[in-house]
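Below is one structure; the comments refer to it alone.
The values are calculated or read from the model by the stated rules, or taken from the named source; none is laboratory data. Keep in mind that this is a model prediction, so the values were computed, not measured. FYI the Cβ positions are ideal-geometry reconstructions off the backbone, even for glycines, and counts take in every protein chain you see.
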Amino acid sequence: MRKVLKRWYVWLALLLLVGLAVSASMITGASRINQQNCDRIEEGMTTEQVTEILGPRTVGFLVSDLATPTWLWMDGPDVITITVDADGRVVTKAYNSPTAWHRLRWHANDLLFKLGIGRE
């Protein structure tokens, strides 16, 4: 094993694999869950208008307390959180922008999960 790790082409292959993984993680599909769409959401919008922008919710809603339900839209490591009032109108919004490292880790874990060796 030590002899193999001393070979330059083994390290080159590992470096190329890491570069490929980083490149693949940076080139993601066109997701609706992004900063631009979060910026399009305004206070007072109805949940139907938000759904038109972001698409159907992937998580449903969490109840932080009985008066203000919080809705989540997730796509990979990207998350948009919308808090609505009792009338179903937007009160607050937030976009969780993952770092490049978190995005890479998420995609690597997703790949390992699809191969049957990762965790969800």
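Collect the residues in segment 82-104 that are over 12 Å from the mean Cα position of the chain (by Cα), free of Cβ contacts under 8 Å to residues at least 40 places away in the same chain and surrounded by fewer than 19 Cβ atoms within 10 Å (Cβ to Cβ), keeping them in residue-number order. Scanning segment 82-104 gives THR83, ASP85, ALA86, ASP87, TRP101. From the list VAL63, VAL84, the lone residue that is β-branched (Val, Ile, Thr) and either at pLDDT 75 or above or within 27 Å of ASN109 (Cβ to Cβ) (or both) is VAL84.
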